[in-house]
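Asker: Dropping the structure in here first, questions after.
The values are calculated or read from the model by the stated rules, or taken from the named source; none is laboratory data. Worth saying up front: this structure is predicted, and the values here are computed from it rather than measured. Glycine also receives a Cβ, built like all others from the backbone with ideal geometry; neighbour counts cover every protein chain displayed.
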Amino acid sequence: MRTKAKQMMPLIICILFTTIGLHAQQISTRYGKVTNEELEMTTYLPDTAANAVVIFHKGETRYDYVQNGFRITSSFEKKIKILKTEGAKYADIVIPFYSNESELRRKESIISIDAVAYNMENGKVERTKMKSEYVFRERVNSNYMQVKFSIPAVKAGTVIEYKYKLLSDYISSIDPWEVQEEIPVMFSQYDIVIPEYFKFNLDMRGGVKVQTEDKTVPLTISLGNGELLRLDGRNMIFTANNVPSLKADSYVWCPEDYTSRINFELHGVQFPHDIYRSFTSTWEKIDEQLLEYEEFGKLLRMKNPFQAEVSALPLGNLSTDEKISLIHVLLKQKMSWNKKYAMYATDIKKAIKEGTGTNAELNFVFMSMLRDAGIQSVPLVMSRRSMGFLPLAHPTMSKLNTMIVGIQNSDTTMVYLDGSVEHGYINTLPPVLMTNQARVISKNPGNKWVDLTNLGKSQLRVMSNIVINEDGSITGDRKASYIGQYAAEYRQKFKDANNMDDFIEKLETKHNLKTTNFKHEKLEAFSPDLTEEFTFEKTSEMSGDYIYLNPFIFKHISENPFTQEQRQLPVEFPYAHTLRIMNSITIPEGFEIEELPKGQSIKLNENDASCRYLVQQSDNKIVINYTFSLQKTFFVPNEYEQLRTMYITLSERNNEMIVLKRKSE
């Protein structure tokens, strides 16, 4: 009797758990059961700002034997409480699944979709079931399709739930279990059983505490015709409670990199009476495979389609960088980037004929042009910063999504360019490509990993001569030199404007002034820099005998971008850069300085970031020297407080005023 009582305890605990509330808010983790407290809930206590909360998210994955082979069946259930009107968007469901257009033998499919909305109306629970005609299937691209549906009758206060099954013939691939979402999750559980033949590694990421149960269980699989297969299975159950939300934030390339999740990677298979077959790859194997691919490695030997044009270029006495520059300009005259990043050149002949293509297609043409000019180059493969980090410890080709060109410009140095570069230059790539993990694909030995995060030099130097008149009006002239990313961004802004007048008007509106004599040099050139000059007029604030002036006519920052007191995610700046501002200010006759900003030097962790602000006065001149330098682009969360404090100080310095007082007669 006592033994039976012990056996009943786990069942009793499980039943209690489905009704005992988390955070004193009573919930049910059983599909189809909604409690009154769930319906009456108006806020989620641990995160009162949340506009919705996942009450539970459950998954179950099993291997079945169908038609002489294994198949994976995964079942998913989710219940969400809509707390605010803005949270109604979580009733719009999108479920992607793999479906290669050219592969007919294997497939994935979504079946058994069910969705319901629950509302409390006049003290009664009103249940609204979604009709099957509101489920839509559509193709996303050549590899993926998706199921879309919107659960009806949803508003603030609604509880929704839905479930579905995913059938997959890809038995070596198990989708990650996402523990964390952009809204809080009260209860998350994933239950998976893997037959002993399949050997998977686990990769658990993120900061959420996940309880893991890992045990061996007996399995019985029907092979058909009454034949049964008995074997062991690895049963893993992952459970997490009260998971905080992980929202996208500013200065983060790919928030998914930091989401708590469980990844499954197949490292081998061993069936009865068969040898062990390893599926673990290495980066060296991936190098070899890429060099053999028709749409990648074979194109490194392609014939230059613009051979005559390259031969006609005046490359004779030029430096290697100058030759590279001329060839890249020729490439962009012949072909334009279609705004798509790619890893392979799927139809290089079509891209050349139409004069437009992906960055990969332009890059293979570019390398063929360089080769004809006697310049060595290699492809570098990567994951764009917006697509997440490469899993270096678990080599996989699936995470590679684009490539750039590395060019040998001396015996010991290499420079980098890409077909997507429109406003940049050599070593001035779009920041999305400035990853710390780019891999050289080559048969040559040596270190194959390249860090592109601090590529090139990006500087902005501004000099302004400013004259304050007795009536408070201001006249001045400004000269600015833009280098690297600053120059690329400037050219992009100019291109985005409708015309020169529109560009100038936007600048005048931003800084609240009027300009004349606007001049550019190298604005449309393929060059690492450009210059800008103009004169300007502006009014200061005047009150009685006082003139108030911000010495930064053109501010570094107007306000602190880091307003949160705490931050979950790291801060990822797009690139390292240096800004230098020198303002010479002449004060009017008959006025004297009442208040002057104080200079200050700030340094963050030695040379990660620094600012030097000097204010000097001599007779009727005030000279402002301001230098800001950011050398580090990645700050972890425990560095955030220092970074935020620095930017608070910077915003204060950039908004301080000079106060001038009329001299008494």
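Asker: Taking region 287-312 on its own, how many of its residues are part of a loop (DSSP other than H, G, I, E, B) and surrounded by fewer than 17 Cβ atoms within 10 Å (Cβ to Cβ)?
Answerer: Here the count works out to 5.
Asker: Additional query: Has region 220-231 got at least one residue that is modelled with pLDDT of 95 or more and within 26 Å of PHE200 (Cβ to Cβ)?
Answerer: No, region 220-231 contains no residue that is modelled with pLDDT of 95 or more and within 26 Å of PHE200 (Cβ to Cβ).
Asker: Let me ask another. Starting from region 124-140, take each residue that is free of Cβ contacts under 8 Å to residues at least 40 places away in the same chain and list its partners that are aromatic (Phe, Trp, Tyr), counting only C-beta distances under 8 angstrom and pairs at least six apart or across chains.
Answerer: Taking only residues 6 or more apart or on different chains, the pairs are GLU126/TYR118; ARG127/TYR118; THR128/TYR118; MET130/PHE149; MET130/TYR162; TYR134/PHE149; VAL135/PHE149; PHE136/PHE149.
Asker: Inspect region 167-184 for any residue being free of Cβ contacts under 8 Å to residues at least 40 places away in the same chain and out of contact with any Leu (no Cβ under 7 Å at 6 or more places or on another chain) and give the result as yes or no.
Answerer: No: zero hits.
Asker: Quick one: GLU284 ticks every box in (1) outside any loop (DSSP other than H, G, I, E, B); (2) touching a residue at least 24 places away in the same chain (Cβ under 8 Å) except a single one, so which number is it?
Answerer: Of everything listed in (1) outside any loop (DSSP other than H, G, I, E, B); (2) touching a residue at least 24 places away in the same chain (Cβ under 8 Å), GLU284 misses just condition (2).
Asker: Also, I was wondering about something else. Which of the residues belonging to region 357-388 are under 20 Å from LEU429 (Cβ atoms) and of a type in the set (Ser, Thr, Tyr)? Write out each step before concluding.
Answerer: Initially, region 357-388 is screened for residues under 20 Å from LEU429 (Cβ atoms), giving 357-367, 369-370, 375-388.
THR358, SER377, SER383, SER386, listed by residue number.
Asker: Take ARG439 and decide whether it is buried (at least 20 other Cβ atoms within 10 Å of the Cβ) and among the basic types (Lys, Arg).
Answerer: yes
Asker: Could you tell me which numbered condition LYS332 fails, if it satisfies all but one of (1) closer than 30 Å to PRO574 by Cα; (2) at pLDDT 95 or above; (3) crowded, with 18+ Cβ neighbours inside 10 Å?
Answerer: Here LYS332 clears every test but (3).
Asker: Filter region 464-508 for residues that are over 31 Å from the mean Cα position of the chain (by Cα) and polar (S, T, N, Q); which is surrounded by the fewest Cβ atoms within 10 Å (Cβ to Cβ)?
Answerer: By that ranking, first place goes to ASN499.
Asker: For region 164-203, how many residues are part of a loop (DSSP other than H, G, I, E, B), among the acidic types (Asp, Glu) and more than 22 Å from LEU390 (Cα to Cα)? Break it down stepwise before answering.
Answerer: Keep residues of region 164-203 that are part of a loop (DSSP other than H, G, I, E, B), which gives 169-176, 179-184, 196-197.
Now restrict to residues that are among the acidic types (Asp, Glu): 169, 175, 181-182, 196.
Remaining after also requiring more than 22 Å from LEU390 (Cα to Cα): 169, 182, 196.
Of the residues in that region, 3 qualify.
Asker: Name the single residue, out of those in region 558-584 being in contact with a Phe, Trp or Tyr (Cβ under 7 Å, 6 or more places away or on another chain) and not in a strand (DSSP E or B), that is surrounded by the fewest Cβ atoms within 10 Å (Cβ to Cβ).
Answerer: Among residues in region 558-584 that are in contact with a Phe, Trp or Tyr (Cβ under 7 Å, 6 or more places away or on another chain) and not in a strand (DSSP E or B), the one surrounded by the fewest Cβ atoms within 10 Å (Cβ to Cβ) is PRO561.
Asker: Now a separate question. For residues that are among the charged types (D, E, K, R) and in a loop (DSSP other than H, G, I, E, B), scanning just region 62-118, find the one that is modelled with the highest pLDDT.
Answerer: Top of the filtered list is LYS84.
Asker: Here is a follow-up. Let me spell it out: the conditions are (1) assigned to a loop (DSSP other than H, G, I, E, B); (2) in contact (Cβ under 8 Å) with a residue 24 or more places away in the chain; (3) in the same structural domain as LYS298 (by TED's automatic domain parsing), and ASP471 meets all of them except one. Which number is the exception?
Answerer: Just one mismatch for ASP471, condition (3).
Asker: Given the criterion in contact (Cβ under 8 Å) with a residue 40 or more places away in the chain and either in contact with a Ser or Thr (Cβ under 8 Å, 6 or more places away or on another chain) or closer than 30 Å to LEU330 by Cα (or both), identify the matching residue among GLU541, GLU524, GLU508, GLU537.
Answerer: Result of the check over GLU541, GLU524, GLU508, GLU537: GLU537.
Asker: Quickly run through region 604-624 and pick out the residues that are closer than 30 Å to ASN638 by Cβ and in contact with a strand residue (DSSP E or B) (Cβ under 6 Å, 6 or more places away or on another chain).
Answerer: Result: ALA609, SER610, CYS611, ARG612, TYR613.
Asker: Continuing with the same structure: Under 27 Å from THR320 (Cβ atoms), modelled with pLDDT under 95 and touching a Pro at 6+ places or on another chain (Cβ under 9 Å), is that true of GLY456?
Answerer: Here the answer is yes, as GLY456 does meet what is asked.
Asker: Related question: I want to confirm something. Restricting to region 500-530 and keeping residues that are assigned to a strand (DSSP E or B) and touching a Lys or Arg at 6+ places or on another chain (Cβ under 7 Å), which single residue is nearest to LYS457 (Cα to Cα)?
Answerer: Out of the qualifying residues, it is ASP529.
Asker: Evaluate region 86-99: report whether one residue or more is in contact with a strand residue (DSSP E or B) (Cβ under 8 Å, 6 or more places away or on another chain) and within 26 Å of LEU231 (Cα to Cα).
Answerer: No - not one qualifying residue is present in region 86-99.
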